[in-house]
1. For segment 25-49, which residues satisfy the criterion of being near ligand 2 (Cβ under 7 Å from one of its atoms) and either farther than 23 Å from Glu376 by Cα or surrounded by fewer than 18 Cβ atoms within 10 Å (Cβ to Cβ) (or both)?
2. Suppose we filter Leu132, Leu124 for residues that are buried (at least 20 other Cβ atoms within 10 Å of the Cβ), under 30 Å from Gly223 (Cα atoms) and under 23 Å from the mean Cα position of the chain (by Cα); which single one remains?
3. Have a look at Thr408, Thr439, Thr423 and point out the one that is within 17 Å of Val314 (Cβ to Cβ), modelled with pLDDT of 95 or more and either of a type in the set (Ser, Thr, Tyr) or loosely packed, with under 14 Cβ neighbours inside 10 Å (or both).
4. Answer with yes or no whether Gly399 is within 30 Å of Asp113 (Cα to Cα), touching a helix residue (DSSP H, G or I) at 6+ places or on another chain (Cβ under 6 Å) and part of a loop (DSSP other than H, G, I, E, B).
5. Are any of the residues in segment 51-67 of a type in the set (A, V, I, L, M, F, W, C) and within 9 Å of ligand 1 (Cβ to nearest atom)?
6. Can you tell me which residues in segment 329-373 are small (Gly, Ala, Ser), surrounded by fewer than 23 Cβ atoms within 10 Å (Cβ to Cβ) and more than 26 Å from Leu304 (Cα to Cα)?
7. Consider Gly269 carefully, then state whether it is in a loop (DSSP other than H, G, I, E, B), outside the structural domain of Cys400 (by TED's automatic domain parsing) and within 16 Å of ligand 1 (Cβ to nearest atom).
8. Tell me which residues, restricted to segment 60-93, are within 16 Å of ligand 2 (Cβ to nearest atom) and part of a helix (DSSP H, G or I).
Amino acid sequence: MQTNFTLAQLADLDTRESEKILRTCVHCGFCTATCPTYVLLGDELDSPRGRIYLIKEMLENDRPATEKTVKHIDRCLTCLSCMTTCPSGVHYMHLVDHARKHIEETYERPWADRGFRGLLALLLPYPARFRLALIGAWFARPFAGLAGELMGGRIRAMLSLAPKSIPTPSAVDRPQVFPAEGPRRARVALLSGCAQQVLAPQINEATIRLLTRHGVEVVVAKGAGCCGALVHHMGKEPPAHAMAKANIDAWTAAGAEAPLDAVVINASGCGTTVKDYGHMLREDAEYAEKAARISALTKDVTELLHELGLNQPVRSTGQAIAYHAACSMQHGQQIRIPPKALLQGAGFQVAEPAEAHICCGSAGIYNLTQPKIAGELRDRKAVSLARTGALAVATGNIGCMTQIATGTAMPLVHTVELLDWATGGPLPKALEGRPEFATESPSPSLSAVAAE
Ligand code: SF4
Ligand code: SF4
């Protein structure tokens, strides 16, 4: 794509990089076929190619974002399916990040929109505040229907996504070190996260049991918290950078006590962001190098386990499980084989739904800011998951679990919960009472299954 930036504009690093990205796009339109919003809405401006044009116009003309541009960029899920499809290697993620930052700096949103986004930024990244908000939402839940189309249906969407019961906080999320069982094979820092530890504390618990059982020492580092993705996707750069720096400091300090083999993430949305810290902070003289080091160390929990090799299952597995590939896992991090290979290695029959590349509509806060499109994508996903005939759905991202659970009767579990159960942990709560999982048959050996 031809561009016409001035030399003065190209003095800015973000603009220079966006120009390079724009120039790699050859307008072929292959990406449109796999873009969820284009598939649903059929509008070129809701396709990757259309958005790329809008971003080019906005940046080239160096003008504040228009209402039209904001509307179509806001509708983008950042699912990054377009990056997987693009034959030219267009780095859409960095381009849309730049566009969102420009929108945040130049566009004045209507007050209700501004207030709603501000509220989400104040609540979601902080577990204590988020828990309080959920308690409030729990009381308001019975009145969700009355909220109607208030704020474009966002209040109703927020209340319907609130869980029916709020789990008590888990002790594992406090800073501490969990020693490896048997000889230590690796030492890792685990991102204990923000919203996930409130909504589903059992995920970190299962991760720690699973890793320590496989000879991994797990550090929950003091000072680490939200990865920054939630505010980053709103274009709010200063708080996103502050959160990234807090994590980098915490993990660098943990690494100074004894070297870390990895920073482990069990929510793929967070993993995509932490793996991008090096890029986010590339201009920061103090943090650029440290950020790049942390990004290079970062692994999804399934990547690490796949490298280590999974223990033999100690239960009678064999149940059919539908694997939902989170967009941040399959497109953002290009991780496809490890989660499925691990589930198969643990003895499960893994079924993949049709349209596995299409987003479920969760996409960070998208299901709150764009509830209509998110709801349509969720229902489409729920149908394809049900058609697999599987007993339960496994995935590696809390956002997808929460989103899909509101549209299906199938139990949703995190991949590590199943792997933990298969290798000796407790049955995931979501599967309690399911006779197909009522099995305690021991397996004779605990030797490691070779990684594929
Ligand atoms: S990130 Fe997803 S929704 Fe956004 S343009 Fe790409 S494919 Fe479409
Ligand atoms: S597939 Fe890639 S090169 Fe083709 S229009 Fe989409 S972004 Fe541009």
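The values are calculated or read from the model by the stated rules, or taken from the named source; none is laboratory data. Here the structure is a predicted model, which is why all the values come from computation and not from measurement. All Cβ positions, glycine included, derive from the backbone under ideal geometry; neighbour counts span all protein chains shown.
1. Across segment 25-49, the qualifying residues are Cys25, Val26, His27, Cys28, Gly29, Phe30.
2. Numbers: Leu132 fails: buried (at least 20 other Cβ atoms within 10 Å of the Cβ).
After ruling out the rest, the residue left standing is Leu124.
3. Details: Thr408 fails: within 17 Å of Val314 (Cβ to Cβ); Thr439 fails: modelled with pLDDT of 95 or more.
Exactly one residue qualifies, and that residue is Thr423.
4. On the way: within 30 Å of Asp113 (Cα to Cα): yes; touching a helix residue (DSSP H, G or I) at 6+ places or on another chain (Cβ under 6 Å): yes; part of a loop (DSSP other than H, G, I, E, B): no.
Against the criterion (within 30 Å of Asp113 (Cα to Cα), touching a helix residue (DSSP H, G or I) at 6+ places or on another chain (Cβ under 6 Å) and part of a loop (DSSP other than H, G, I, E, B)), Gly399 does not qualify.
5. Initially, segment 51-67 is screened for residues of a type in the set (A, V, I, L, M, F, W, C), giving 52, 54-55, 58-59, 65.
Then drop every residue that is not within 9 Å of ligand 1 (Cβ to nearest atom), which leaves 52.
Looking through segment 51-67, at least one residue is of a type in the set (A, V, I, L, M, F, W, C) and within 9 Å of ligand 1 (Cβ to nearest atom).
6. Listed by number, the list holds a single entry, Ala354.
7. Details: in a loop (DSSP other than H, G, I, E, B): no; outside the structural domain of Cys400 (by TED's automatic domain parsing): yes; within 16 Å of ligand 1 (Cβ to nearest atom): yes.
The answer is no for Gly269.
8. Initial filter on segment 60-93 (within 16 Å of ligand 2 (Cβ to nearest atom)): 72-73, 76-93.
Scanning segment 60-93 gives His72, Ile73, Ser81, Cys82, Met83, Thr84, Thr85, Tyr92, Met93.
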